[in-house]
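Down below is the structure, laid out as structure tokens.
The values are calculated or read from the model by the stated rules, or taken from the named source; none is laboratory data. Keep in mind that what you see is a predicted model, and the values were worked out from it rather than measured. Glycine also receives a Cβ, built like all others from the backbone with ideal geometry; neighbour counts cover every protein chain displayed. What goes into the accessible areas is simple: the full protein's heavy atoms, side chains included, and nothing from ligands, DNA or RNA. Shrake-Rupley method; radii C 1.70, N 1.55, O 1.52, S 1.80 Å.
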Amino acid sequence: MGDLTVLGIETSCDETAAAVVRIGEDGRPVVLASVIASQAAAHAPYGGVVPEIAARAHVEIIDEIVLQALAEAGIGFAELDAVAATAGPGLIGGVMVGLSTGKAIALARGIPLIAVNHLEGHALSPRLAEDLPYPYLLLLVSGGHCQLLAVEGVGACERLGSTIDDAAGEAFDKIGKALGLDYPGGPALERLAEGGDAARFPMPRALLGRKDCDFSFSGLKTAAARLAEAAETPADRRDVAAAAQGAIAGQLAERTARAMALYARSHGGEPLRFAVAGGVAANGEVRRRLQQTAHQHGFSFAAPPLAYCTDNAAMIALAGAERLAAGFSDGLDAAARPRWPLDEAAAAARPTHAPGRKGAKA
Ligand code: KG4
Ligand code: ZN
């Protein structure tokens, strides 16, 4: 098998993205182009992502973004071996825009379509920037997701734990909003927390005593939001932000430690590798705590550059290329799916989300 050059398309939330990734004979990916148009400014006045606005904005620029990615990669449609598009989970209007675009290109050029699970894209994203062999343990922490996955290979992710209510990024955003910060609140909250006293306000510790690797952020979110509303001085606000950030980072590290113990038991004798991905991986305190946890448990630590942590199409192109190399492709009738657990077997056995429940970006 020679090189594989794949166009990736991502439209599941508020980023319109297209990328070209080439994997060589050695399986190593090269990102030839990765273009991302953020709609954050369009949603900011509403304090969250508005699905209708997102879908319309995707439709308006997706063609241009695809052409820009090809131009930056210095190739034409004729050089593509396949097109990969996010088929879910995500905001359905947006997913349909990207998937239809992918189908149209596949049909017009006579190349395979690969319908990619957005979560698989995130799961593989650390491989874009460094030589991270399978298997590895991954913490995916974004605005819509919070899960621990054993990533054995493409199409082979096992979920070890997941949030039973909000995603960590959602908690950052809601607490940020209560502190009067602009959406998305995570980065602004991190800046506000600088120099704050994380110990001044005790935060609830969720799921204490539970032996699994699940997360819960709703109690913490409510407690922090209440403190935020009662904060009077700049120092109060700084201390609330520091306490909330510390509690979120602490919980992420604690559940990751449990997952590391489980993972080490089932991967005895193999090198133990840990990676973190998703927008919340940008947070310095979160990174620091996870790095420390990895060190304590004998795991290596990898965190992709921020451009590959947050939503992007390079991770979708990579998942598509690896799927194609493994012999998978999809029909032009592939469905856009608002919900699509990465590990369908584990999710069906242990549903943590009641059907129909949605987070801000779920
Ligand atoms: O991966 P992402 O761009 O989008 C989703 O797929 O959800 O993640 C966005 C989330 C937002 O909730 C944002 O507040 C959070 O990541 N985030 C942060 C930081 N940067 C982004 N949270 C805490 N600290 C940060 N520095
Ligand atoms: Zn995402």
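Go through (1) farther than 27 Å from SER218 by Cα; (2) within 16 Å of ligand 1 (Cβ to nearest atom); (3) open to solvent by 10 Å² or more (accessible area, probe 1.4 Å) and name the single condition VAL116 misses. The one condition VAL116 does not meet is (3). Filter segment 248-289 down to residues that are open to solvent by 20 Å² or more (accessible area, probe 1.4 Å) and touching a Phe, Trp or Tyr at 6+ places or on another chain (Cβ under 6 Å) and give me whichever is farthest from ALA307 (Cα to Cα). Within segment 248-289, the match that is farthest from ALA307 (Cα to Cα) is LEU272. Sub-8 Å Cβ pairs linking a first residue in segment 72-88 that is under 23 Å from ALA335 (Cα atoms) and part of a loop (DSSP other than H, G, I, E, B) to a second residue that is at pLDDT 95 or above and basic (Lys, Arg), at least 6 apart or interchain, are LEU80/ARG109, ordered by first then second residue. Among the residues in segment 312-325, are any open to solvent by 60 Å² or more (accessible area, probe 1.4 Å) and either touching a residue at least 24 places away in the same chain (Cβ under 8 Å) or basic (Lys, Arg) (or both)? No: segment 312-325 contains no residue that is open to solvent by 60 Å² or more (accessible area, probe 1.4 Å) and either touching a residue at least 24 places away in the same chain (Cβ under 8 Å) or basic (Lys, Arg) (or both). When restricted to residues that are within 30 Å of VAL66 (Cβ to Cβ), among the small types (Gly, Ala, Ser) and out of contact with any strand residue (DSSP E or B) (no Cβ under 7 Å at 6 or more places or on another chain), segment 282-306 contains 1.
Sub-9 Å Cβ pairs linking a first residue in segment 279-296 that is assigned to a helix (DSSP H, G or I) and of a type in the set (D, E, K, R) to a second residue that is open to solvent by 10 Å² or more (accessible area, probe 1.4 Å) and within 7 Å of ligand 1 (Cβ to nearest atom), at least 6 apart or interchain, are GLU285/GLU190, ordered by first then second residue. Among residues of segment 93-108 that are farther than 16 Å from ILE65 by Cβ, those with a Cβ under 7 angstrom from a residue that is open to solvent by less than 10 Å² (accessible area, probe 1.4 Å), sequence gap 6+ or separate chain, pair up as GLY93/ALA54; LYS103/LEU113; ALA106/VAL83; ALA106/LEU113.
Residue-by-condition table, conditions (1) buried (at least 22 other Cβ atoms within 10 Å of the Cβ); (2) of a type outside the set (Lys, Arg):
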residue	(1), (2)
GLU194	no, yes
ARG226	no, no
ALA230	no, yes
ALA243	yes, yes
GLY246	no, yes
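Among the residues of segment 179-192, just one is in a helix (DSSP H, G or I), of a type in the set (A, V, I, L, M, F, W, C) and open to solvent by 30 Å² or more (accessible area, probe 1.4 Å), namely LEU192. One residue stands out in segment 22-40 among those that are more than 25 Å from GLY2 (Cβ to Cβ) and polar (S, T, N, Q): the one that is most open to solvent (accessible area, probe 1.4 Å), namely SER38.
Applying the selection to segment 297-307, what residues are open to solvent by 40 Å² or more (accessible area, probe 1.4 Å) and either at pLDDT below 95 or in a strand (DSSP E or B) (or both)? Matches in segment 297-307: SER300, PHE301, PRO305, LEU306, ALA307. The numbered conditions (1) open to solvent by 40 Å² or more (accessible area, probe 1.4 Å); (2) within 16 Å of ligand 1 (Cβ to nearest atom); (3) more than 23 Å from the chain's Cα centre (by Cα) are all true for LYS174 except (3).
Among all positions in segment 153-164, there is at least one residue which is within 16 Å of ligand 1 (Cβ to nearest atom) and either under 16 Å from the mean Cα position of the chain (by Cα) or open to solvent by 10 Å² or more (accessible area, probe 1.4 Å) (or both).
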